[in-house]
Structures are given as structure tokens and as C-alpha cells.
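Below is one structure, written out as C-alpha cells; comments come after it.
The values are calculated or read from the model by the stated rules, or taken from the named source; none is laboratory data. Computed from a predicted structure; not experimentally measured. All Cβ positions, glycine included, derive from the backbone under ideal geometry; neighbour counts span all protein chains shown. Heavy atoms of the whole protein, side chains included, go into the accessibility calculation; ligands, DNA and RNA do not. Shrake-Rupley method; radii C 1.70, N 1.55, O 1.52, S 1.80 Å.
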Amino acid sequence: MSDLATLETSILDQIAATGDEAALEAVRVAALGKKGSISALLATLGKMSPDERKTQGAAINQAKDKVTQALAARRDVLKSAALDARLASETIDVTLPLRDAPAETGRIHPLSQVWDELTTIFADMGFSVAEGPDIETDDYNFTKLNFPEGHPAREMHDTFFFHPKEDGSRMLLRTHTSPVQVRTMLSQKPPIRVICPGRTYRIDSDATHTPQFHQVEGLVIDKSSHLGHLKWILHEFCKAFFEVDHINMRFRPSFFPFTEPSLEVDIQCRRDKGEIRFGEGEDWLEILGCGMVHPNVLRACGIDPDEYQGFAWGMGIDRIAMLKYGMSDLRQLFDSDVRWLSHYGFKPLEVPTLAGGLSS
């Protein structure tokens, strides 16, 4: 019996000394497990006489009950201590401001925003959006657009060409979205009224040029369109895009292989302290090129120039984004700098509308 008392005291001391639930479980298994010290004593009862079993059995069960109660009490103490420690280490300061939701921290890239803005404006004028592949044929990118053989744009230093095929022809990365106009005229009968936004590629890189950039071109083909219609469309677009009530424009003679006559378009602006403001001032800024579609282009696309005529224009999406939102370097648009994007980007729910404001 003295050995049982000593064992009981030892187990209770071990229980009191445990520092966590894992150590407490180890003591429990050593005492009450299948091979535990108290379990071993209980296993000897079957070999005892009835009188011994009655006396020692009661003592052993009493020791087992004390150990079980001590285990339960210590477990409660350890759980409470663990909870207190967790609460102390994971305290929330309710005075801190709430973190912004993902929809508030994410940003729409300015190019995507401007793409949506110009699409909204031209859609309101009745234009649909036409698209085409980035990899084009020489025929669609140059020949059908009235580029003569030997034109500088056809040279390797201006255009990204792929390796020649077995027949000698070469695919290329389109240098403008004009091939989309060609594909539209070949697949649709007039009247045609489309805009063609998309990526374009040229071998050029500096503060105002990048090897890959974005353009939007417009095309109208019908029986009665003329330069007066073109001027009105461009004037209304510039007013809506730059969000001004009035803007002066001037048209200068120019040359493009695919239009005749060809025009460069300047818009009124004021340069002040590194900023450009439109609709005011006495300065002028070139913004796009345009003109009446050349009869040779119409013929190449299966349209009779004696029956139909039309006009087209094109501008850089990256350029007008920089002008409107004050970005100084074209290359910043493609640097993937999160800090830059958080400053110039737009919240996901700021969808441009003519009624609610393009860039509200």
C-alpha cells in the first residue's frame, strides 16, 4: 500500500508540473494507458484472493479516480492559460481603420480605361467594334492599303517580320490596325461604320515610342459620306473625350498611302507649368491623321469607288491617355509599377458613361 501511495504522489506531482496539454497527455498515457502504471496494478487484481482484491482494489481505484480528477483539473487550467496567451498575442486594435476591400485596392490600367472611354463615345455615334489578328499578311498590312513596293514601312528596320515561308511570303506583326479595316470591307457590304482598337508593333523605342503600342482607327463607307461628316465626328469625339464644352480644331494637308485627300488634325490647347489643357489657349497639338479612303483601297477590297466613298482616321490610344491624364513617359504604361498604377489607375467600378462622366 505504501508503494501505491508513493506512485499516486509521484503521478500527481507530474500532473502539476506539466506546462502544456501535450505533456499532460504523456503523463495520462504513462499512468492510465493500456501499459500505464495504474493500469498495471488493476491488472493484478485477478490473481488476488477475494479479501485482498476487496482491500487493494478499492485503494487502486481510489488512486485512479484521484489521478483522473487531477488530469481534468490540470487540463482546464492549461486550456485557460493557452487561451489567455492567444488573446494576448492576437489582440485586435479596434481603433485602427478598416482595410480596404479588394475592389477598392485593385486598379484598372489607364489604357483599359481609355479604351472603354473611346468605345463608349463612338458607340453613342453608332459605331461598332471590329477586331483582327495581331499577326498579319503583307497583303493586308501593306498591299491592299496602297503601300507601293519599296515603301520604307516595308523594310526590316521599321516592321517586325517573321521568317519567310517556303513560297517566299512573310507574315508580320501589324504596324497599324488598318488591316482590320481591310478585313471588314472584304467581309461586309457597305454601309460600314466601325472602329478598330487594338495592339500594334513597330521597331521604335524612346520616351514617346514603344515597340508595342495601341491604336484606334475608324472607318465609314457609304454613298454620301464626305469630309464634313468626318470633321463633325472628330470634333464631337475630342469634346467628349477631353470632357470640355468646346474645342477648336484645324486640319492640315498631309499624305498617307491609303487616303486621298489626307489630313493631319491639330486641337487647341494651352501649355502651362508642365500641364496641357484643351479647349483653351492659343497653342496647337497634333493628335491624329485622317482622310478620304483612297479609291485604290476600295478597289483592292472589292468595293466600287464610283458607287461608294468613305473616310478613315487613326490615333494612338497610349498618346491620348497620356494627354488626358498627365503621364509624362509612354514607357511608364508598360513598367508594371504598382505605385504608378495606384496613382494613375481607376477603381474597378468606375465604368465610363456619357451620362455619368467618362472619368468620374
Potential lengthening between LEU227 and VAL129 on full extension [0.36 nm per residue; Cα-Cα distance subtracted]: 33.1 nm
Partners for LYS64 among aspartates and glutamates (Cα-Cα distance below 19 Å; same-chain residues under 8 apart left out): ASP3, GLU8, ASP13, GLU25, GLU52, ASP76
Beta bridges by DSSP in the chain, antiparallel share as percent, to the nearest 5: 95 percent
Quote the relative contact order of the range 131-248 in percent (integer), defining contacts as alpha-carbon pairs under 8 Å separated by 6+ residues. 22 percent
Sorted by mean Cβ packing within 10 Å, highest first, what order do the peptides 271-284, 25-38 take? 25-38, 271-284
For the chain, what does the alpha-carbon gyration tensor say about shape, rounded, prolate or oblate, given a ≥ b ≥ c as the root eigenvalues, a/c under 1.5 as rounded, and a/b over b/c as prolate? prolate
Anything over 25 Å Cα to Cα? Flag those among LYS35/LYS79; LYS239/LYS273; LYS231/LYS273; LYS144/LYS324; LYS273/LYS324; LYS231/LYS324, in the order listed. LYS35/LYS79; LYS231/LYS273; LYS144/LYS324
For the range 204-360, what's the relative contact order in percent, using C-alpha pairs closer than 8 Å and at least 6 residues apart? 27 percent
Given the options LEU41, LEU145, LEU333, which has the most mean-square fluctuation in a GNM of the chain, springs set between C-alpha atoms less than 10 angstrom apart? LEU41
Grab the beta carbon distance between ARG339 and ASP93, set R0 = 22 Å, and tell me the FRET efficiency rounded to 0.05. 0.25
Calculate, for the range 292-331, the solvent-accessible area per residue in square angstrom, rolling a 1.4 angstrom probe over the heavy atoms of the protein chains. 39 Å²
At a 1.4 Å probe, what is the % contribution of carbon and sulfur to the accessible area of the range 27-140? 56 percent
For the pair GLU243 and GLU282, what calculated FRET efficiency results from E = 1/(1 + (r/R0)^6), where r is the Cβ-Cβ distance and R0 = 22 Å, to the nearest 0.05? 0.60
In a Gaussian network model over the chain where Cα atoms closer than 10 Å are linked, find which of ALA101, ALA23, ALA240 has the largest mean-square fluctuation. ALA23
For the THR120, ALA26 Cβ pair and Förster radius 51 Å, calculated FRET efficiency rounded to 0.05 is 0.15
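About the Cα centre, and with charges only on the beta carbon of Lys, Arg (+1) and Asp, Glu (-1), how big is the dipole of the range 279-360? Nearest 20 debye, please.
Numbers: 6 positive and 12 negative charges, 76 e Å.
Computed about the Cα centre, the dipole is about 360 debye.
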Residue-normalised value, i.e. accessible area per residue, for the range 118-178 at 1.4 Å probe, in Å², stands at 52 Å²
Prolate/oblate/rounded label for the range 268-343 (Cα gyration tensor, a/c 1.5): oblate
Under a point spin-label approximation (7 Å from Cα along Cα-to-Cβ), what is the HIS163-ARG53 distance to one decimal in nm? 9.4 nm
Placing +1 on the Cβ of each Lys and Arg and -1 on the Cβ of each Asp and Glu in the chain, which of ALA30, SER224, ILE195 has its Cα farthest towards the positive end of the resulting dipole? ALA30
What list of ³J(HN,Hα) values in whole Hz, one per residue of the range 104-119 in order, does the Karplus curve 6.51 cos²θ - 1.76 cosθ + 1.60 (θ = phi - 60°) give from phi, with Gly and Pro shown as x? 8, 8, x, 9, 7, 5, x, 5, 5, 5, 5, 4, 5, 4, 5, 5
Length added when fully stretched, GLU307-LYS347, from 0.36 nm per residue minus Cα-Cα: 9.6 nm
Note the full-extension length gain between ALA72 and SER187 as 0.36 nm times their separation in residues minus their Cα-Cα distance, in nm to one decimal. 33.1 nm
In terms of the Cα gyration tensor, with a ≥ b ≥ c the square roots of its eigenvalues, is the range 97-200 rounded because a/c is under 1.5, prolate because a/b exceeds b/c, or oblate? oblate
Normalising by the residue count of the chain, find the relative contact order in percent from Cα pairs under 8 Å and 6+ residues apart. 16 percent
Within a Gaussian network of the chain (alpha carbon springs, distance under 10 Å), most fluctuating of LYS144, LYS165, LYS347: LYS165
